[in-house]
Amino acid sequence: MTGVLAVSPPKVIAATAVRNGLFPAINFRAALADILNRKPVAGRDNMDPLQELLATDQRRVFDFFVLGLRDVSEPTVDRHELLYNASVLAHYAQVSTQATTEWPSPTSLTEIFDHFVAKTDLQHDSEMMEIAGTQCLLLAGFFEDQMRRRHNIQWYAGLGAGFFIHAAALERSLRKAQLLGAIGRHFEFWRQRQARLSRSLRDQPYLLRPAN
């Protein structure tokens, strides 16, 4: 989750995400165009202190998910937690399931179990536990409807929350540890918000048009 991802145009990122099966084939082009024409996200210019907590600096893609999560969340939600969740979605929108230079996006919850539970050598690494937590959040949240047919979502939600709590206990940065702990404690809340965002995007009556 650390490091800066290569910057690509939002439409390219969206098309790649759809092509790799990471996101539903919705009208990302129109949705992103709409967001790019909106006013800047309030407080975005003050985000620099949070950069170490975010998985990507691709601001336009990040804003897409910030605004999407805001639309499906209560106005009282914790700002840092919302930004973190948006950064998770923006990160995995840019990472292929076949990535070789960084940890690839997951394809199933079973894969997460095999990598982070069955194998115990990664359980003493805060970054690996955070990655495990974000992958559970992505699949049990944003892809809940697809995963529910084959997996016990609540069991994996508990597993994901535990990953975040464990990552917080291992994290040296107090501020990062506090955030990871909060995400772990509120895992179910954010899982449901990601699922709600996914459904709202799928309900849009448009399809992504092939690039010319």
Within region 57-83, residues under 17 Å from Ala195 (Cβ atoms), assigned to a helix (DSSP H, G or I), charged (D, E, K, R) and without any contact (Cβ under 8 Å) to a residue 60 or more places away in the chain come out as Arg70
Which of the numbered conditions does Gly162 fail, given that it passes all the others? Conditions: (1) more than 17 Å from Ile183 (Cα to Cα); (2) at pLDDT 90 or above.
(1)
Cβ pairs under 7 Å, 6+ apart or interchain, first in region 164-175 and within 12 Å of Asp125 (Cα to Cα), second among the β-branched types (Val, Ile, Thr), ordered by first then second residue, are Phe164/Ile183
Take Phe116 and decide whether it is crowded, with 20+ Cβ neighbours inside 10 Å and under 15 Å from the mean Cα position of the chain (by Cα).
no
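Pick from region 147-157 the residues that are over 17 Å from the mean Cα position of the chain (by Cα) and of a type outside the set (D, E, K, R): which of them is surrounded by the most Cβ atoms within 10 Å (Cβ to Cβ)? Before you say what the answer is, go through the steps one by one.
Of region 147-157, the ones over 17 Å from the mean Cα position of the chain (by Cα) are 148-152, 154-155.
Remaining after also requiring of a type outside the set (D, E, K, R): 151-152, 154-155.
Values: His151: 18, Asn152: 13, Gln154: 11, Trp155: 12.
Of everything passing the filter in region 147-157, His151 is surrounded by the most Cβ atoms within 10 Å (Cβ to Cβ).
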Filter region 176-201 for residues that are farther than 15 Å from Glu127 by Cβ and touching a Leu at 6+ places or on another chain (Cβ under 8 Å); which is surrounded by the fewest Cβ atoms within 10 Å (Cβ to Cβ)?
Leu197
Tell me whether region 176-185 contains one or more residues that are of a type outside the set (S, T, N, Q) and at pLDDT below 85.
no
Options Thr120, Thr110: the member that is outside any helix (DSSP H, G or I), among the β-branched types (Val, Ile, Thr) and either over 21 Å from Leu89 (Cβ atoms) or in contact with a Lys or Arg (Cβ under 8 Å, 6 or more places away or on another chain) (or both):
Thr120
Is it the case that region 133-147 has a residue that's farther than 20 Å from Ala195 by Cβ and not aliphatic (A, V, I, L, M)?
no
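The values are calculated or read from the model by the stated rules, or taken from the named source; none is laboratory data. Quantities reported herein were computed from a predicted structural model and do not represent experimental measurements. Neighbour counts are summed over all protein chains in view; Cβ atoms, including those assigned to glycine, are modelled from backbone coordinates with ideal geometry.
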